[in-house]
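The structure appears below as structure tokens.
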Amino acid sequence: MEIAVCDDNKLFLLDIAEQLKTLSVKTDVYTFSDLDAFRFSINGGMRYDVVIMDIEWESKVAGMDTAAELYKVCPDTKVIFVTGSAERYSQRIFLQRSNLSGYLVKPVETELLLANLQKAADEIQDTEQPVLVLRQKGTTVSIPIREICFVESSGHTVNVHTDEETVTAYERLESIKRSLPPGFYHCHKSFIVNMSHIRRFQPNDILLKNGKRVPVSRSKYNETKTAYFRFAGQMF
């Protein structure tokens, strides 16, 4: 678990980092005594599972503003606010959008800190997205299932297409089909389509939201269309 601790008190940062060593979950801890440095890390592509954020920075309520900025870039990152003025901020922490997971009062008790982080870890585990695991040239590749647009059979391999890439693996289409949830439909002998990526049906194929086309067997056209509208919760 990647954890960022943001506080302008460097002694507090050292104390929290020391306490985190006792956490049962494997962690990497990054400390920031400057919010601009924290923003730079986020804008540079760094992603944290949990951010422990001090609310007050040099007499300014900057922590809540930064948490709101973080939510726009990394909405899944859990935020635990920390403050030495509990009564002052206990109601204000809900005024801006953030993925608020906890609220701690200084001096922070180790038991409460670890309980908050364990709670965040459990929430992250519960919301982890299912993946399709493929074997590719001696390595294992995991693809988030919701990102898969369609799967195509090609000889002795399958091509798994997402918006960003195509992953080729030595698998059978039927084997892949058994690993996919009900939102996928076998619309052609060589193609399985993710119905959540469908934009519309055309006379001879399906147009996806990314502009790609997936063929539909003539014999399966009507049943695929019916399955899609049932999936979308509409009447056909």
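Values in this text are rule-based calculations from the coordinates and carry no lab data. Note that the structure is predicted; figures quoted are calculated from it, not measured. No Cβ is skipped: glycine too gets one built from the backbone with ideal geometry, and neighbour counts run over all protein chains shown.
Obtain the radius of gyration and the Kirkwood radius of the range 170-228 from its C-alpha atoms and give Rg over Rh.
On the Cα set of the range 170-228, Rg over Rh gives 0.95.
Return one number: the angle in degrees, 0 to 90 and rounded to the nearest 10, between the long axis of the Cα atoms of helix 63-73 and the longest principal axis of the Cα atoms of the chain.
Helix 63-73 sits at roughly 10 degrees to that axis.
Rounded to the nearest 0.05, what FRET efficiency do ASN9 and VAL73 have when you use their Cβ-Cβ distance and R0 = 25 Å?
My answer for the efficiency is 0.50.
What's the Kirkwood radius of the range 2-127 in Å, using all Cα pairs? Show your work: numbers first, answer last.
Working: mean 1/r = 0.0694 Å⁻¹.
14.4 Å is the Kirkwood radius here.
How charged is the neighbourhood of PHE40? Take every other residue with its Cβ under 15 Å from the Cβ of PHE40, and add Lys/Arg as +1 and Asp/Glu as -1.
Computed value for this residue: -1.
What's the local net charge at ARG230, with K and R +1, D and E -1, over the other residues with C-beta under 15 Å away? Please list the in-between numbers first.
On the way: positive: LYS220, LYS225; negative: GLU223.
My count for the surroundings of ARG230 gives +1.
Would you kindly give the portion of the calculated P(r) for the chain that falls above 22 Å, as a percent of all Cα pairs?
In whole percent, the long-distance tail amounts to 62.
For the range 2-127, calculate the relative contact order in percent as a whole number, restricting contacts to Cα pairs under 8 Å that are 6 or more residues apart.
23
Using the alpha carbon gyration tensor of the range 131-231, what are the three equivalent-ellipsoid semi-axes (square root of 5 times each eigenvalue), largest first, in whole Å? Could the numbers behind the result be given before it?
On the way: eigenvalues 103, 37, 29 Å².
So the three semi-axes of the range 131-231 are 23, 14, 12 Å.
Using a Förster distance of 35 Å, how high is the FRET efficiency between MET46 and GLN91, based on the Cβ-Cβ distance and rounded to 0.05?
So, using R0 = 35 Å, E works out to roughly 0.65.
To the nearest 10 degrees, how steep is helix 10-20 against the longest Cα principal axis of the chain, on a 0 to 90 scale?
50
Local charge sum around LYS26 (other residues, Cβ-Cβ under 14 Å, Lys/Arg +1, Asp/Glu -1)?
For residues surrounding LYS26, the net value is -2.
Could you tell me the relative contact order of the chain? Use alpha-carbon pairs under 8 Å, at least six residues apart, and round to a whole percent.
Relative contact order comes out at 10 percent.
Fewest to most neighbouring Cβ within 10 Å: what's the order for LEU14, LEU35?
Starting with the residue having the fewest Cβ neighbours, the order is LEU14, LEU35.
Could you tell me how many cubic angstrom of Cα convex hull volume the range 60-101 has per residue?
With only Cα atoms used, the range 60-101 gives 61 Å³ per residue.
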